[in-house]
Amino acid sequence: MSERSEANDLHHRLARVVAQEIAPMLHLDDNRIEIVGVENGIVQIRLHGVGGCCPSTTQAILMGIEEELRRCVPGVEYLELVV
């Protein structure tokens with residue numbers, strides 16, 4: 001499998017997990033998640049609606065999302081928050 005094909009496959013698997021597992025939980029508090037990019041196991045995300053939270057809450061949300069993605073999608077190394 002080519003690198004581009006692997007990256008597309010990883011992005012597709014991430015999008016499925018985000019849509020089915022993570023987005024519904026965030027939506028309960030009127031928050032949204034957007035996958036901005038994926039490269040070399042680094043997943044860039046943007047969170048919408050979380051801006052009013054304190055930094056420790058935002059960090060806890062990120063850690064929970066990262067843990068779920070790493071559990072469900074092999075190849076995810078870590079998350080990077082894009083503002």
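Listed by first and then second residue, the pairs with beta-carbon distance under 9 Å, at least 6 apart or on different chains, first residue in the stretch 42-58 and within 17 Å of HIS27 (Cβ to Cβ) and of a type in the set (Lys, Arg), second in a strand (DSSP E or B) and modelled with pLDDT of 90 or more, are ARG46/ARG32; ARG46/ILE33; ARG46/GLU34; ARG46/ILE35; ARG46/VAL36; ARG46/LEU81. Within the stretch 1-24, identify whether any single residue is of a type in the set (Val, Ile, Thr) and not in a helix (DSSP H, G or I), and answer yes or no. No: zero hits. A count restricted to the stretch 25-34 and to residues that are outside any helix (DSSP H, G or I) and either in contact with an Asp or Glu (Cβ under 8 Å, 6 or more places away or on another chain) or among the hydrophobic types (A, V, I, L, M, F, W, C) (or both) stands at 2. For the stretch 46-70, taking the residues that are farther than 27 Å from ALA7 by Cβ and of a type in the set (A, V, I, L, M, F, W, C), the one that is surrounded by the fewest Cβ atoms within 10 Å (Cβ to Cβ) is identified as CYS54.
Looking across the stretch 22-45, the residues that are more than 24 Å from SER5 (Cβ to Cβ) and within 12 Å of the chain's Cα centre (by Cα) come down to ILE22, ALA23, LEU26, ARG32, ILE33. With the condition kept exactly as written, say whether any residue in the stretch 15-32 is out of contact with any helix residue (DSSP H, G or I) (no Cβ under 9 Å at 6 or more places or on another chain) and at positive phi. Among the residues of the stretch 15-32, at least one is out of contact with any helix residue (DSSP H, G or I) (no Cβ under 9 Å at 6 or more places or on another chain) and at positive phi, which makes the answer yes. Tell me, which residue of the stretch 71-83 that is in contact (Cβ under 8 Å) with a residue 24 or more places away in the chain and part of a loop (DSSP other than H, G, I, E, B) is surrounded by the fewest Cβ atoms within 10 Å (Cβ to Cβ)? This residue is VAL83. Of the residues VAL17, VAL43, the single one that is in contact with a Leu (Cβ under 6 Å, 6 or more places away or on another chain), surrounded by 14 or more Cβ atoms within 10 Å (Cβ to Cβ) and modelled with pLDDT of 95 or more is VAL43.
The values are calculated or read from the model by the stated rules, or taken from the named source; none is laboratory data. In this text, all values refer to a predicted model and were calculated from it rather than measured experimentally. Note that each Cβ is placed from the backbone with ideal geometry, even for glycine, and that neighbours are counted across all protein chains shown.
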